[in-house]
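Reviewing the structure listed below.
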Amino acid sequence: MRKFSPYIITHISLDDVDKLDLKNNNYYIVIWCNNTPLGHIWFDAQKPFSKQILFTEIKNAIHKTVAFYMRYNAIIEWEKFLAEENFSVLNEMLAEAIKNFKTSVTKEKIETISVVICTRNRAAALEKCIQSLLNNEDKKYELIVVDNAPDNDDTKKIVEQFPDVRYVFEERKGLDIARNTGAKAASHNIIAYTDDDVQIPANWIANIKSCFANPLTMAVTGLVIPAELNTEAQYIFEKDWSFNKGYLPTVFNHRYFLDAKDEGVPAWDVGAGANMAFRREAFNLAGLFDERLDVGAAGCSGDSEMWYRILAEGWNCVYFPHLYVFHEHRKSLEDLRKQLFSYMKGHVCALLIQHERYGHKGNLKRVQKTLPAYYKSRFKKEIKKIITGKFSSIVTEIKGCIAGKKYYKQHQNTEQNNRLDFPQDLYNDVVVDEHTLVSIVIPCYNQAHFLKEAIESVLSQTYKNVEVVVVDDGSTDNTQFVCNSYNNIKYVRAERVGLSAARNIGVQFSKGDFIIFLDADDYLYPGAVEINLYFFSMYKKNAFVSGIFDKIDEKGCYIHSIAAESKSSFIYLSLLQGNYIGMEATVMYRRKLFFSFHFDTQLKSCEDYDLNLRISRHLPALHHKNKLAVYRMHENNMSKNKNQMLTAALFVLKKQKEFLLNNEEKVAYEQGIQNWINYYS
């Protein structure tokens, strides 16, 4: 068997590729334009070498990347310069195009970030990682090291050498436990993660800050480049299991999720945990890392399972190659086998956890059909490797898959910590003055024929400091045309995420101090905003304020309905007995409630009842008898389906059972169950 020869990693600027002079060695060549990677090639010593062969491979490696970025430059002759191997001129044009691209995705200034390094018993590697971070050009960030169940105090001693680095001790072993500990310790709204075996370039902090301009983006990942390829294990990993997800910026959105859901969404394509960052809100919207996964538990996939949840909740994960780091792969074949065993164990466990959480059958299909078929197709080829003494990991991988199933069965339905924090300033008084901005979020799915009336009802408010955010949830009618007829509203396009997620998305795009959620087929009375603001100014501790509404039929005729009595202070008991609010558009919320509280995307109806129950369990609210809005009854109302509504209402109410604190709440809860049955029967 031929002895392995290391690969020399060579980084070369596009305008310098003609200076490459390859000796009789193996090379891994990464091509760059300024600080943006364009592609890589493997060049083996056994290959016949000529400039023409080298240039051809380079052109093939970077063609798609150059084509992507050149869309941001008006020059169309770039393919000619590439074909003619005029790399210097092409590099100049490409640099301008990349600059334009980055400007297009970094329109807003992002605040400082927290960087978390989770480590265990690798003090020497950690020291190099910390030093590389401290060498970043942008110094406005906090650095947190989470020492995860260490065997000694070596890590603590290393961190003590760096006065500006925070040391956090976590006694429970597990990478995702450590990640969650880091998130809880973080002070800022962007929380980035890297590993202790990673080297960070000087532009990394600045690049992370620039990646979150789109409010839909909840997670960002970037390119991971090998730091060395000196051993066979490192070569095999980079060839077959690489963290490198390519050189094209990629947006993974809810449409991507829906298109892949039935086969099992390959969330691992989003990136690698060695180079990732999240908005703080993501941990309240989707929950913290599942502590059954990754090192110290199932083995891995805590990162991809988190990305899966973010996509399932209707948000975006984005991969940016210009956000790059350098990773030191494991050096020995024994360590590589252990790593691959953990990968497959964690992968299978994550698929089963995703099914447990959402019930998406594609995850089971991957476990029961796709993976067995994949290993069956590989078997003959791998047997030949084993017979000839070459490295094969197929047996290790299959054992990992089996171990993942077993681990999940032992830990299924384990309760997870699903909220990052509770904002203490919700206990403070609200401020209502002439500068107070109120956001009205209007989710719309194929309701363009009603939408104009809803928008006009907001623009006609007696209180004028309002903004309109329309979330078009994948409509196929002329919803966007209606919105384009106004120059003073925000239009947001979502990818069929559902009502709850559309409302959550609307919050993220809003800027108001208070929020109202108005369905597109309903409308507000002119004084709605002013009245609710008045009650907030009088009762400053409230989390939300609600009023009453009228009902109309499809012809606009009023329908008689009975309004609920006024209520104040802690209204949890009243909501346990039934949803006296009735119409979500009558409710005005403090914006600061979100996303410690948010609409549950797994609920198809009664999501507002669920939200208000959860809020009122902790905070005071008020209900008054002023009419604020009009609820339109028509054939598409969810409330028409009484069986569905009864099931949903009882499901939402029964979620509260475990939180009941006293006999009074238990009595109200039992009365509520009977009230719902009576109402829909």
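The values are calculated or read from the model by the stated rules, or taken from the named source; none is laboratory data. If you're wondering where the values come from, they're calculated on a predicted model, not measured in any experiment. Neighbour counts run over all protein chains shown; Cβ positions are idealised from the backbone, glycine included.
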The stretch 583-611, residues that are surrounded by 20 or more Cβ atoms within 10 Å (Cβ to Cβ) and touching a Phe, Trp or Tyr at 6+ places or on another chain (Cβ under 7 Å): Met583, Glu584, Ala585, Thr586, Val587, Met588, Tyr589, Arg590, Glu607, Leu611
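One line per residue, one yes/no per condition, for (1) part of a loop (DSSP other than H, G, I, E, B); (2) touching a Leu at 6+ places or on another chain (Cβ under 8 Å); (3) assigned by TED's automatic domain parsing to the domain that holds Asp294; (4) among the small types (Gly, Ala, Ser):
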| residue | (1), (2), (3), (4) |
| --- | --- |
| Lys139 | yes, no, yes, no |
| Phe162 | yes, yes, yes, no |
| Tyr167 | no, no, yes, no |
| Lys173 | yes, no, yes, no |
So, in the stretch 477-504, how many residues would count as being surrounded by fewer than 22 Cβ atoms within 10 Å (Cβ to Cβ) and over 16 Å from Asp521 (Cα atoms)? 13
When Tyr589 is run through (1) aromatic (Phe, Trp, Tyr); (2) under 27 Å from the mean Cα position of the chain (by Cα); (3) within 24 Å of Ser475 (Cβ to Cβ), the failure sits at (3)
Can you name every residue in the stretch 531-560 that is assigned to a loop (DSSP other than H, G, I, E, B), at negative phi and free of Cβ contacts under 8 Å to residues at least 12 places away in the same chain? Lys555, Cys557, His560
Read through the list (1) touching a strand residue (DSSP E or B) at 6+ places or on another chain (Cβ under 7 Å); (2) assigned to a helix (DSSP H, G or I), then give the number of the only condition that Leu613 fails. (1)
Tell me, please, whether a residue that is in contact with a strand residue (DSSP E or B) (Cβ under 8 Å, 6 or more places away or on another chain) and among the acidic types (Asp, Glu) can be found in the stretch 475-485. no
Within the set of pairs 6 or more residues apart or between chains, which connect a residue that is among the hydroxyl-bearing types (Ser, Thr, Tyr) inside the stretch 320-347 to a residue that is part of a helix (DSSP H, G or I) with Cβ atoms less than 8 Å apart? Tyr324/Trp204; Ser332/Ala233; Ser342/Gly400; Tyr343/Glu397; Tyr343/Gly400
Can you work out which of the residues in the stretch 286-296 that are crowded, with 24+ Cβ neighbours inside 10 Å and touching a Lys or Arg at 6+ places or on another chain (Cβ under 9 Å) is farthest from Arg255 (Cα to Cα)? Asp294
Looking at Val431, Val466, can you tell me which residue is in contact with a helix residue (DSSP H, G or I) (Cβ under 8 Å, 6 or more places away or on another chain) and outside the structural domain of Gly182 (by TED's automatic domain parsing)? Val466
Of everything in the stretch 215-227, what is in a loop (DSSP other than H, G, I, E, B) and either within 13 Å of the chain's Cα centre (by Cα) or at positive phi (or both)? Give them in sequence order. Pro215, Leu216
Is there a residue in the stretch 261-272 that is touching a strand residue (DSSP E or B) at 6+ places or on another chain (Cβ under 7 Å) and assigned to a helix (DSSP H, G or I)? yes
In the stretch 520-530, anything in a helix (DSSP H, G or I) and over 17 Å from Glu434 (Cβ atoms) is listed as Ala528
Mind telling me which of the residues Phe43, Phe4 ends up being over 25 Å from Lys245 (Cα atoms) and among the hydrophobic types (A, V, I, L, M, F, W, C)? Phe4
Pro226 - would you say it is in contact with a strand residue (DSSP E or B) (Cβ under 9 Å, 6 or more places away or on another chain) and surrounded by fewer than 21 Cβ atoms within 10 Å (Cβ to Cβ)? no
Counting only residues in the stretch 505-554 that are over 27 Å from Gly314 (Cβ atoms) and hydroxyl-bearing (Ser, Thr, Tyr), the one surrounded by the fewest Cβ atoms within 10 Å (Cβ to Cβ) is identified as Ser537
Out of all the residues in the stretch 325-345, is one or more surrounded by 20 or more Cβ atoms within 10 Å (Cβ to Cβ), in contact with a Leu (Cβ under 6 Å, 6 or more places away or on another chain) and within 25 Å of Val251 (Cα to Cα)? no
Check Gly389 against each of (1) in the same structural domain as Glu291 (by TED's automatic domain parsing); (2) surrounded by 13 or more Cβ atoms within 10 Å (Cβ to Cβ); (3) outside any helix (DSSP H, G or I) and name the one condition it does not meet. (2)
Positions within the stretch 493-504 being touching a residue at least 60 places away in the same chain (Cβ under 8 Å) and either out of contact with any Ser or Thr (no Cβ under 8 Å at 6 or more places or on another chain) or assigned to a helix (DSSP H, G or I) (or both), in sequence order: Ala494, Glu495, Arg496, Leu499, Ser500, Ala501, Ala502, Arg503, Asn504
Given (1) among the aliphatic types (A, V, I, L, M); (2) within 30 Å of Lys390 (Cβ to Cβ); (3) touching a Gly at 6+ places or on another chain (Cβ under 8 Å), where does Ile53 come up short, assuming only one miss? (3)
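Conditions (1) of a type in the set (D, E, K, R); (2) surrounded by fewer than 12 Cβ atoms within 10 Å (Cβ to Cβ), marked per residue:
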| site | (1), (2) |
| --- | --- |
| Lys128 | yes, no |
| Leu143 | no, no |
| Ala149 | no, no |
| Asp164 | yes, yes |
Residue ID - farthest from Asp269 (Cα to Cα), chosen from residues in the stretch 189-214 that are assigned to a loop (DSSP other than H, G, I, E, B) and modelled with pLDDT of 95 or more: Ala202
Limited to the stretch 638-681, what total is found for residues that are in contact with a Phe, Trp or Tyr (Cβ under 9 Å, 6 or more places away or on another chain) and outside any helix (DSSP H, G or I)? 2
Suppose we keep only residues that are more than 23 Å from Arg292 (Cα to Cα) and touching a helix residue (DSSP H, G or I) at 6+ places or on another chain (Cβ under 6 Å) within the stretch 392-404. Which one would you say is surrounded by the most Cβ atoms within 10 Å (Cβ to Cβ)? Ser393
Pairs needed: first member in the stretch 245-266, in the same structural domain as His355 (by TED's automatic domain parsing); second member anywhere, among the small types (Gly, Ala, Ser); C-beta distance under 6 Å; at least 6 residues apart or different chains. Lys245/Gly271; Tyr247/Gly39; His254/Gly314; Lys261/Gly362; Asp262/Gly362; Glu263/Gly362; Gly264/Gly362
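Are any residues in the stretch 421-440 over 16 Å from His618 (Cα atoms) and either surrounded by 12 or more Cβ atoms within 10 Å (Cβ to Cβ) or under 24 Å from the mean Cα position of the chain (by Cα) (or both), and if so, which ones?
Val430, Val432, Thr436, Leu437, Val438, Ser439, Ile440
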